1. Determine if the range 145-158 includes at least one residue that is part of a loop (DSSP other than H, G, I, E, B), in contact (Cβ under 8 Å) with a residue 60 or more places away in the chain and in contact with a Lys or Arg (Cβ under 6 Å, 6 or more places away or on another chain).
2. So how many residues does the range 262-314 have that are among the charged types (D, E, K, R) and free of Cβ contacts under 8 Å to residues at least 40 places away in the same chain?
3. Within the bounds of the range 83-101, is there any residue that is in a loop (DSSP other than H, G, I, E, B), at pLDDT below 95, buried (at least 20 other Cβ atoms within 10 Å of the Cβ) and more than 20 Å from the chain's Cα centre (by Cα)?
4. Mind checking whether some residue in the range 294-306 is at pLDDT 95 or above and farther than 17 Å from ASN29 by Cβ?
5. Search the range 15-73 for residues being among the hydroxyl-bearing types (Ser, Thr, Tyr) and not in a helix (DSSP H, G or I), and hand back the single one that is surrounded by the fewest Cβ atoms within 10 Å (Cβ to Cβ).
6. Filtering the range 102-128 down to residues that are surrounded by fewer than 20 Cβ atoms within 10 Å (Cβ to Cβ) and in a loop (DSSP other than H, G, I, E, B), which residue is modelled with the highest pLDDT?
7. For a quick check of your reading: which helices (runs of 4 or more DSSP H) sit entirely within the range 209-260 and have at least 1 residues that are over 14 Å from PRO293 (Cα atoms)?
Amino acid sequence: MKANHGAKHIARCLELAILLEVSAHKPGNVSVVTNFEKTHCDHFLASAVAAASSFEAAAQQGISVSQGKIDAADVGVGQLIKNCVADINAWQHGGNTLLGAVILLSPIAVAAGMIPATGNLDAQCLRRNLKRVIESTTPKDAVNVYAAIEIANPSGLGKAPALDINDPDSVNRILHDKISLYKVFKIAEKYDTICSEWVNNYPVTFDLAYPSLAKRLQEEGDPSEAIVQTFLEVLAEVPDTFIARKTGIEKSREISLKAREVLNLGGIETPVGKKSLSEFDQELRKCSNLLNPGTTADILAAALALCVLEGYRP
């Protein structure tokens, strides 16, 4: 990866990743040509711009860690996420747009900042830094992420088996029992891919989405086509937990099977695949946004962030 040019550079990379992700016409998602009833593309564009200052602050915290000014436990990932979500909420009126992406991207910004300015943003080094940042989180981080979730007010949260965000006592338990954000997400990893990514060092992002996306961006040139095809690959392999929370895991698995069928027909790369993709997109939009593969979109934003950090430019 190319040399790190500081916190502002890292923030711009992550902002561009979000803009590229939302611009692509992915099945069941908001894009430049498709909107939901209350959430439009412009809400996502405003959100990307609003998030940039928090990403810069996160990268700066990573730089401070690399310089020995603060410990990884003092980064305040939870506060960074909360601030980011609050800024996004203040800059648009389309509801929750980027909560999952912000939870994934904020530690990436910190991890990128931890790589010395004279060094290269190597993916494996970035991943090692991510592990350190996430495993160093604190109970205060957990409380701040709970506050961020309340601000974003995402749909389909449901009831958690432990430390449910809708239970007023959860925050008190987190502080009293000294439960770190990492441990909170460990509880949720079985039913939430974002949490699973956090506690398992981003396996879907680094091992599935990023290699495929980077290869396609290099070979195809068209970022939208590369994003859509990689989106289908991830959705086919990993049932979307945003869909699962709203409609059940069986429906989510059914959607993954249909994504696999579209891929088997060539996806966006063949005429028959494109026809199947269009039908798939229409099917996902029949039930308002209940079948919106939002978690898959968040994973793509994270994978795009890695590509842009390594030097990809559209």
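The values are calculated or read from the model by the stated rules, or taken from the named source; none is laboratory data. Predicted model, so just to flag it, every value in this text is computed and none were measured. Because the Cβ atoms are built from the backbone with ideal geometry, glycine has one as well, and the counts that use them run over all protein chains shown.
1. Yes, the conditions are met somewhere in the range 145-158.
2. Result for the range 262-314: 6.
3. no
4. For the range 294-306, residues at pLDDT 95 or above and farther than 17 Å from ASN29 by Cβ: present.
5. That would be THR34.
6. Ranking the candidates gives PRO116 first.
7. Once the helices (runs of 4 or more DSSP H) in the range 209-260 are filtered for at least 1 residues that are over 14 Å from PRO293 (Cα atoms), what remains is 210-220, 223-237.
For every residue, the table says whether it meets (1) under 18 Å from ASP240 (Cβ atoms); (2) surrounded by fewer than 15 Cβ atoms within 10 Å (Cβ to Cβ); (3) touching a helix residue (DSSP H, G or I) at 6+ places or on another chain (Cβ under 7 Å).
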residue: LEU130; (1), (2), (3): no, no, yes
residue: LYS183; (1), (2), (3): no, no, no
residue: ILE194; (1), (2), (3): yes, no, yes
residue: ARG216; (1), (2), (3): no, no, yes
